[in-house]
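Right, one structure below, let's go through it.
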Amino acid sequence: MENSKFDAVCVVLDKYRHDPNKVIPILREIQDQYGYLPEDLMIFVSTALGVSPASVYGVATFFSHFTLEPKGRHIIKVCDGTACHVRRSEEITQALRKELGLQEGRNTTEDMMFTLETVACLGACSLSPAVVADGMVHGSMTPATARALIEDIRMSEEACRHEYE
């Protein structure tokens, strides 16, 4: 691993004065830098703070806003709260998994373009079933409109790629 990766983590640790009570903000800043929490950096943090790796890992896995896996460039969240669930959000999730070619147990496409997540509630019940794509809420979704959303994102990526060629 590059030293610069450890150096960047040392800057974060120094900012919080290597305080083991600041594990959450330390991990949050590391995740902000790398998009996820690499295992080797969590071990480094545990050593630097003088706490067990299990303790740091426990924090990282307890809070849902932390992720231990790299995510794709486009994050798609399907709501499965009560309102969305009764309006068949599971069918949307299955259609998106098929459209993205995601095998069971995988949430990110091989090309790192998409990550598909199911969330307990988006707080957009009046728009159910709802999907959030790259931070934008899309309501009254169906499997067909969800697939179209993915196609729009792909086309947008392709257009950007041609623009820079």
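The values are calculated or read from the model by the stated rules, or taken from the named source; none is laboratory data. Quick caveat, the model's predicted, so the values are computed rather than measured. Neighbour counts are summed over all protein chains in view; Cβ atoms, including those assigned to glycine, are modelled from backbone coordinates with ideal geometry. Surface accessibility is based on the protein's heavy atoms, side chains included, excluding ligands, DNA and RNA. Shrake-Rupley method; radii C 1.70, N 1.55, O 1.52, S 1.80 Å.
Being among the hydrophobic types (A, V, I, L, M, F, W, C) and open to solvent by 50 Å² or more (accessible area, probe 1.4 Å) is the filter here; which residues of the stretch 92-119 pass it?
112
Please specify each residue of the stretch 61-81 satisfying the condition of being aliphatic (A, V, I, L, M) and either at pLDDT 95 or above or under 22 Å from residue 143 (Cα atoms) (or both).
75, 76, 78
Out of the stretch 52-64, which residues are part of a loop (DSSP other than H, G, I, E, B) and hydroxyl-bearing (Ser, Thr, Tyr)?
The answer is 52, 64.
Considering (1) under 17 Å from residue 73 (Cα atoms); (2) free of Cβ contacts under 8 Å to residues at least 12 places away in the same chain; (3) touching a helix residue (DSSP H, G or I) at 6+ places or on another chain (Cβ under 8 Å), say which one residue 156 fails and leave the rest.
Unmet for residue 156, out of (1) under 17 Å from residue 73 (Cα atoms); (2) free of Cβ contacts under 8 Å to residues at least 12 places away in the same chain; (3) touching a helix residue (DSSP H, G or I) at 6+ places or on another chain (Cβ under 8 Å): (3).
Using beta carbons and a limit of 9 Å, which pairs, at least six apart or on different chains, have the first residue in the stretch 126-138 and within 15 Å of residue 115 (Cα to Cα) and open to solvent by less than 10 Å² (accessible area, probe 1.4 Å) and the second one part of a strand (DSSP E or B) and hydrophobic (A, V, I, L, M, F, W, C)?
131/76; 131/78; 131/79; 131/137; 133/75; 133/76
Name every residue in the stretch 45-68 that is under 18 Å from residue 6 (Cβ atoms) and loosely packed, with under 14 Cβ neighbours inside 10 Å, in order of residue number.
Within the stretch 45-68, 47, 50 meet the criteria.
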